[in-house]
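Down below is the structure, laid out as structure tokens.
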Amino acid sequence: MTHKNIPSNTLPLMPLRDMVVFPHMLVPLMVGRGKSVLALEEAMRKDRVILLVTQQQAQVDDPMPGDLYNIGVRAQILQVLKAPDSTIKVLVEGLERVRIAHYLTTEKFFTVEYETLAPKTQAGPTLIAVMRSLNDLFEQYSRLNKKITADTLTAVAAIEDPGRLADIIASHLPSKVEEKQKLLEALEPAARLELLSALLSTEIEILEIERRIQGRVRKQMESTQKEYYLHEQIKAIRRELGQKDDESETDELAQKIKAAKMPTEAHEKALKELSRLERMQPLSPEAAVIRTYLDWLLALPWNLRTREKLDVREVGRVLDRDHYGLRKVKDRILEYLSVRKLAPKMKGPILCLVGPPGVGKTSLARSVAKALARNFVRISLGGVRDEAEIRGHRRTYIGALPGRIIQALKTAKTKNPVILLDEIDKIGSDFRGDPAAALLEVLDPEQNTTFSDHYLDTQFDLSEVMFIATANVIHHLHSTLKDRMEVIEIPGYTLEEKVQIADRYLVPLQLKEHGLTREDLVIPKKIIEKLIAGYTSEAGVRNLNREITAVLRKIARLKVERKIRSSRLLTEQDLTKFLGAQKIVPHKRERTNLVGVSTGLAWTEVGGELLTIEVTLMSGKGQLTLTGKLGDVMKESAQAAMSYVRAHAREFQIPLDFYTQTDIHIHVPEGAIPKDGPSAGIAMATAIISALTNTPVQKAVAMTGEITLRGRVLAIGGLKEKLLAAVRGGIRTVILPQANAKDLHDLPPEVKRVLVIHAVEDMAEVLKIALAEKPAARKPKKGFKPAKTQTGQHLPSPPLFS
């Protein structure tokens, strides 16, 4: 809203937050809001006079007329300084009270029409008495508040005008904004003085209470110092009399330090801290810190060890009794024990077990400790982001503690435990440091003999500790950390292995935990196979164990309710009754040979999966569309496959200019699941060639391998998991890179019996095996020039296992 004819008694208005300006008051202001800056500039262009009004709510950044009080102060701008941060520092002096008549402008800044509120002159003995009383109260307030100077007190005492006296004193009070605004709106001097006297009396009472509290605190401190002085005198008298207090805390600590048999450095550190403790007052905070530090030093197993079992055959029997398979890990433990028996001073190994969830990494580490007769401690590293979690905090911090390694040794109570570093691949890093870097010293046999925790500030020998780390994926690990560990991969289990684990370990264990026996329930192996296939989808056996537990809970309830006979054979109908319909529909191969559809093999953190690649052709301008939530690497792999097909179009009897009139759409189903990696390259190339040549792909063939622009097939990872997925999906022929042929020797026999595996080096070999018939030219579109055919002379590679 804007008025064209602006009256003479108009001024720009600047809202104030958390303060009230009185007449005759000098006050500096920091101006930063846009409207306030514009109002200030407008005032500077004219006669340097501005209207100051307080906001009702300080948190409002852009106040409107309704957010401001109606009475403010007309002020003179004395000085303006611009700060480097774009704010403006202004020195103003209040002139007189004014009331806002109405607002003229509100868009850029406030311009208002105002009326001056002239002070009402009053005289008489009553007013003089009130003024004297107010001066006395202000003098009493100044004695309690050291911020009021003597010059200010003298100047206030010399003021004879009652209204001005009230305004000057009000400007020195730390009252609330609402109370000061009431003083500003009180126009009659007598009423203003009475209101101010009440506020001043309240402030004096508050200051006197604060002074009494400070006095009590001071006396308490003097009493504590007195007790310390008397305590020191008692100690001196006892020394003069030759008396010793054998029951004292320091003597008890000294005896424990002597008995702990610490290394020289730690022993000297403990005695030094004990000497400091003796000179301190028992109740001081620093004494409590030293006591805690000494307790940690004394709690550590400096020379305590468990006696190991070095009977290799017995350890082997224990490991076989607790875990099925896992031959590599068991052999490595037995090799270590064999060397340990021949060379007792050998340092402990540092193993890293890598595998999908549920394959038994954590329980295997516990079994290793049990077989070796060592104490076992587990440290969970998932989500750890602070270096101090490993090395500890320095004692300068409040509530400081040692790191998790030292805490684990205190829990183990021996110097040679088995420490499990669980989920080591889940370690993170942020501004507090990198825990993986701190683990480098812990896991290096050449350095961990002198491991130094920040809290202990002394060395501890970790060389006798057997560290076992677990991880789901190896590529997340820090490269230098990976270099310090011996990585042992534990792949997923086959169906046969899962059945054996369930039958030998899981079912007997859960029967015992649920108070049941073999006489109550028998689960045939065929039913276990149904349970695995229909209710679990995993590389390990964690979900299988959960489903077995669910079945046994139902049986336990039926037994308690006496609804079953003494011996029960679990059937398929029981599975459906207890667990419901099948939860898992396995990804099976295609039922028929299809054009433009190939089957790839993918690796995930929970095992392998079949990956369907679909390609369709449409009239267009050669656009390549990729869908299915593919990652950057997988998209690049599709582009490489497309480039290979274009470069070899003549060999496949494809028109050379097919890409100018045909759009190609590559889709990988289950589009909500992210997919990435280069191993689907040959599957994509096969599907594209199948679509362009109208040649079906063999339904029982799956493939995995990275493709290059020259058609070379490069190595991939996760081979065992992929082949297990192929077996589960009904695949009978698998194509894989020649570079992975060396990994086939570790395959379970049941996989070798089922699959025909071809190792190939280039794309021509892949097509000979994967396509159902010789690639035939598609019917050319109008305007196409068919290329001369040239059939490759490569023969399919012979199967490695069939």
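The values are calculated or read from the model by the stated rules, or taken from the named source; none is laboratory data. In this text the structure is predicted, and so the values were computed from the model without any measurement. Here Cβ is always computed from backbone atoms with ideal geometry, including for glycine, and neighbour counts include all displayed protein chains. Side chains are part of the model used for accessible areas, which takes the heavy atoms of the whole protein and leaves out ligands, DNA and RNA. Shrake-Rupley method; radii C 1.70, N 1.55, O 1.52, S 1.80 Å.
Quick notes on this one:
- Flag for Leu196 being open to solvent by 50 Å² or more (accessible area, probe 1.4 Å), modelled with pLDDT of 80 or more, part of a helix (DSSP H, G or I) and among the hydrophobic types (A, V, I, L, M, F, W, C): no
- Qualifying residue in the stretch 483-491 (condition: assigned to a helix (DSSP H, G or I), out of contact with any Leu (no Cβ under 8 Å at 6 or more places or on another chain) and either among the aromatic types (Phe, Trp, Tyr) or within 30 Å of Gly677 (Cα to Cα) (or both)): yes
- Verdict on Leu310 being open to solvent by 60 Å² or more (accessible area, probe 1.4 Å), of a type in the set (A, V, I, L, M) and part of a loop (DSSP other than H, G, I, E, B): no
- Residues of the stretch 511-564 that turn out to be in contact with a strand residue (DSSP E or B) (Cβ under 9 Å, 6 or more places away or on another chain) and of a type in the set (A, V, I, L, M, F, W, C), as a count: 11
- Selection status of Lys330, farther than 18 Å from Ala400 by Cα and open to solvent by 50 Å² or more (accessible area, probe 1.4 Å): no
- Screening Val697, Val734, Val754, Val727 for residues that are over 30 Å from Ser619 (Cα atoms) and either touching an Asp or Glu at 6+ places or on another chain (Cβ under 6 Å) or at pLDDT 90 or above (or both) leaves exactly one candidate, Val734.
- The single condition among (1) out of contact with any Pro (no Cβ under 6 Å at 6 or more places or on another chain); (2) modelled with pLDDT under 80; (3) among the hydrophobic types (A, V, I, L, M, F, W, C) that Leu610 does not meet is (2).
- Here the condition is being open to solvent by 20 Å² or more (accessible area, probe 1.4 Å), at pLDDT below 85 and closer than 18 Å to Asp425 by Cβ; of Glu497, Glu486, it holds for Glu486 alone.
- Residue check, Phe652 open to solvent by less than 20 Å² (accessible area, probe 1.4 Å), out of contact with any Phe, Trp or Tyr (no Cβ under 9 Å at 6 or more places or on another chain) and among the aromatic types (Phe, Trp, Tyr): yes
- Search result, residues across the stretch 435-459 that are among the aliphatic types (A, V, I, L, M) and in a helix (DSSP H, G or I): Ala436, Ala437, Ala438, Leu439, Leu440, Val442
- The stretch 495-524, residues that are assigned to a helix (DSSP H, G or I), free of Cβ contacts under 8 Å to residues at least 40 places away in the same chain and within 25 Å of Arg557 (Cβ to Cβ): Asp503, Pro508, Leu509, Lys512, Glu513
- Glu423 being open to solvent by 10 Å² or more (accessible area, probe 1.4 Å) and out of contact with any Leu (no Cβ under 8 Å at 6 or more places or on another chain): no
- Yes/no for Ala400 being over 17 Å from Leu351 (Cβ atoms), surrounded by fewer than 18 Cβ atoms within 10 Å (Cβ to Cβ) and in contact with a Gly (Cβ under 8 Å, 6 or more places away or on another chain): yes
- Total residues in the stretch 526-540 satisfying the condition of being open to solvent by less than 90 Å² (accessible area, probe 1.4 Å) and either touching an Asp or Glu at 6+ places or on another chain (Cβ under 7 Å) or in a helix (DSSP H, G or I) (or both): the figure is 10.
- Being farther than 27 Å from Pro748 by Cβ and open to solvent by less than 20 Å² (accessible area, probe 1.4 Å) holds for only one residue in Ala343, Ala369, Ala365, and it is Ala369.
- Residues satisfying the stated conditions in the stretch 751-766, i.e. under 21 Å from Lys328 (Cβ atoms) and either in contact with a Phe, Trp or Tyr (Cβ under 7 Å, 6 or more places away or on another chain) or open to solvent by 30 Å² or more (accessible area, probe 1.4 Å) (or both): Lys752
- Taking the criterion of being buried (at least 18 other Cβ atoms within 10 Å of the Cβ) and either in contact with a His (Cβ under 7 Å, 6 or more places away or on another chain) or more than 19 Å from Pro301 (Cβ to Cβ) (or both), the residues of the stretch 446-463 that qualify are His454, Tyr455.
- Residue identified as closer than 17 Å to Leu297 by Cβ, touching a residue at least 60 places away in the same chain (Cβ under 8 Å), buried (at least 18 other Cβ atoms within 10 Å of the Cβ) and in contact with a Leu (Cβ under 8 Å, 6 or more places away or on another chain) among Leu443, Leu409: Leu409
- Here Leu337 clears all of (1) surrounded by 16 or more Cβ atoms within 10 Å (Cβ to Cβ); (2) farther than 30 Å from Arg546 by Cβ; (3) in contact (Cβ under 8 Å) with a residue 40 or more places away in the chain except the condition numbered (3).
- Selection count where residues are touching a residue at least 40 places away in the same chain (Cβ under 8 Å) and over 26 Å from Ala640 (Cβ atoms), scope the stretch 754-768: 2
- Thr686, sole failed condition from (1) open to solvent by 20 Å² or more (accessible area, probe 1.4 Å); (2) within 17 Å of Val766 (Cα to Cα): (1)
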